[in-house]
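Okay, so here's the structure we're looking at.
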Amino acid sequence: DYRDPHCKNKQVIVHLFEWKWSDVADECERFLGKKQFCGVQVSPPNEHVVVTQPMRPWWERYQPVSYKLHSRGGTEAEFKDMVTRCKNVGVRVYVDSVVNHMAGLGRIGTGTAGSHFNSSDYDFPGVPYTRPNFNTRDKCPSGGGGVDNYSDPKNVRNCFLVGLTDLDQSKEYVRDKIAEFFDHCIDLGVAGFRIDASKHMWPDDVKAIQDRVKDLPEGGRPFFYHEVIDQNDGAVRVNEYYDLGYVTEFRYCQKIAYGVHNFGEFNNMYVPSWGMADPSHAFVFVDNHDNQRGHGGGGNLITHKTPRDYKMAVAFTLAYNYGFTRVMSSYYFENTDAGPPHNADYSAKDVTINADGSCGNGWVCEHRWNPVANMVVFRNAVAGTDIKHWRNENDEISFARGQKGFFAMAKQGHMDRNLQTGLPAGEYCDLVSDCMKKITVDGSGNAHIVIDNSAEPMLAFIVDGPT
Ligand code: LAG
Ligand code: CA
C-alpha cells in the first residue's frame, strides 16, 4: 500500500511552494514540528531548465534536465540537510516529482546543475536520456504531436503535454532511471512523492516504476499521491490510480469554493455519483500552485487573495472527514508567470518571520494563519471519527467529530446557540483563537456556542486539548 505518509498518524501536509531548502529546514524546526504537521511538499528538487523569457518563472521547475538534486531550491547538500532536520522534528519531506517528461521541445542550454541538454535532439546527458527513451509520433494519435484530445487516453498519455518531451515509461531503461531518482531521495530520508502529471502516464507503467522503488530505511513503502486532474471532462478518471496511492481531487476545490459562498452546499461535499475519489483515496486541498494562478484545473477557486473566505474554506476542510489534506503556502504575485520573491541575482528571497508570526519578503504563509495552523491540531486529534450532530442552517454550520472534537463556523461572523456537542462535560478552549475563548460543555453534552465579529468566524475544540 502506498498510502502511508510515515508521520505517526498525523494528517496534514503543507506545500511550501518555491521555498529554498534552508528556509524549509528552519520552518520545520521553528513551526511545523510544534504545530503537528505531518510533512512538507517541496518544489521539484532535481535539475531543471533556466528560463529567461519570461525571467525565471515558477514553471521552469516543471522542465527537468536531469535527476541531479540541484535546483533553484538549493544544492544536494542543502536538500539532505533539510530532509534530516525536518525528520528530526517529526516532519517528513515529499518530493514533487516530474517524470512524465523532460524539457520543452526547442529548449537547449545548461540546467541548474550544470548539465548540457538539447531537447530538439532529445539529448539529456545528465541522466542520460536519448531519442529511444521518448515517445514517438506513431504512438501519439494527434495531428501536431501535442496533447489535444482529452477524450482519448492514448492522446493524453503518449503525446507531448504543452510541447514537453514525453518520456516512454513502458521502457525498462526509463523505469530504472526514474526509480533510481526515487531511491536516491529515499536514501536521503524522503518519505514520499507527489507525481506530477500522472494523468499523462499509463497507470501500469507508473505501477511498474513504484514497485521497483525501495522501502524506506525505517521500513514500509513510500507515500505516493498522484496528480490526476479529473473534473468529469475527459477519459482519464481518478479511480484508475487507486492501487498507486492517493489521487488529487480537483472537484473538491470547486466544491469548497461554492460551499463558502453558499453554505447549503456543505451538505453535499462528496458526490460519489460524480466519480469523486472515495475518502480513503482522495487527496484534498482548497487550492494548489497551478489553479491559484489559472494553470492546471483553474476555475472558480478560493485563494489567499480573499483571506476571510480562504480561512473558512481551509478550516472547514480540516474539520470535515473527507480525504487526506494538504494546505497551500504561497507567495504574493500579480503576474501568473512570476517566480518566487527574488534577490537581484534571481535567487529566492529568504522567508523572514515578523514579530506577530506572519511572514515577510513577499511570502504569504497561509499555513501560519491561526484558522489554518490550529485546525491541523484539530484534524490530528479527531482522525478516524465520524461526523455527528451535523447542523447547517441560517448560514451557520456546526458538527462534532465522534466524541473527540466540535467545530462551528458562521458565514456572517456571528452565532449564539445552545448546541449538543456529544462531548464529555468539561471546560474546553477554542483552538482557533489560541484559547482566547472558553467553552463549557455540561453533563448532557450541551454547550453555549458564541461566534462574533470581533474574531475569526469559526471555533473548534477537542478533548484533551489545551485548556
Ligand atoms: C503539471 N501537472 O500535470 C504541473 O502541476 C504544472 O504546473 C505543469 O505545467 C505541468 N504539469 C507540466 O509539468 C507548468 C506550467 C506550464 C509550463 C510547464 C513547463 O503550467 O505553463 O509550460 O509547467 O514549464 C511552459 C510554457 C508553455 C510551453 C512549455 C514548454 O508555459 O507555453 O509550451 O513551457 O516549453
Ligand atoms: Ca506521457
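Where a number appears in this text, it was derived from the coordinates with a stated rule and is not lab data. Since the structure is predicted, the reported quantities are computational estimates derived from the model, not experimental observations. Ideal geometry is used to build each Cβ from the backbone, glycine not excepted, and the neighbour counts take in all protein chains shown.
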Seminar exercise, completed: THR385 and ARG212 label points (each 7 Å along its Cα→Cβ direction) are spaced in nm at 4.6
Exercise. Can you give the extra length, in nm with one decimal, that the chain gains between ASN392 and SER151 once fully stretched, where that is 0.36 nm per residue apart less the Cα-Cα distance?
Worked result: 82.9 nm
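State the percent of C-alpha pairs, over all pairs in the chain, separated by a distance greater than 31 angstrom.
Numbers: 45596 of 108811 pairs.
In whole percent, the long-distance tail amounts to 42.
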Exercise. For labels at GLU334 and VAL271 in the simple 7 Å Cα→Cβ model, what's the distance in nm?
Worked result: 3.8
Exercise. Helix 307-319: angle to the longest alpha-carbon principal axis of the chain, degrees 0 to 90, nearest 10?
Worked result: 90
Exercise. Projected area of the range 338-380, taken from the Cα convex hull and averaged over every viewing direction, in nm²?
Worked result: 4.0
Seminar exercise, completed: extent check for the range 307-409: Cα max minus min per principal axis, descending, whole Å, gives 55, 27, 27
For this session: Output the pairs from LYS87/LYS214; LYS8/LYS199; LYS10/LYS305 with a Cα-Cα distance over 23 Å in this structure; if there are none, say none.
Result: LYS8/LYS199; LYS10/LYS305
Exercise. In degrees from 0 to 90, rounded to the nearest 10, what is the angle of the helix 370-382 Cα long axis to the longest principal axis of the chain?
Worked result: 80
Problem set entry | DSSP bridge orientation in the chain - percent antiparallel, rounded to nearest 5 | 60
Seminar exercise, completed: Scoring the chain by relative contact order with C-alpha pairs under 8 Å, at least six apart, yields a percentage of 13
Exercise. Given the C-alpha centroids of the range 11-27 and the range 264-343, what is the distance between them in whole angstrom?
Worked result: 17
Exercise. Using 1/(1 + (r/R0)^6) with R0 = 41 angstrom and r between the beta carbons of GLN403 and SER347, what's the FRET efficiency to the nearest 0.05?
Worked result: 0.25
Problem set entry | Rg to Rh quotient for the range 97-228, alpha carbon positions, Kirkwood Rh | 0.98
For this session: Straight distance only, please: which lysines reach the Cα of LYS388 with their own Cα at less than 16 Å, same-chain residues fewer than 8 apart left out?
Result: LYS404
Seminar exercise, completed: Full extension between GLN53 and MET436 adds, at 0.36 nm per residue less the Cα distance, a length in nm of 132.9 nm
For this session: Please work through the chain and write down the cysteines that have no neighbouring cysteine Cβ at a distance under 4.7 Å.
Result: CYS185, CYS253
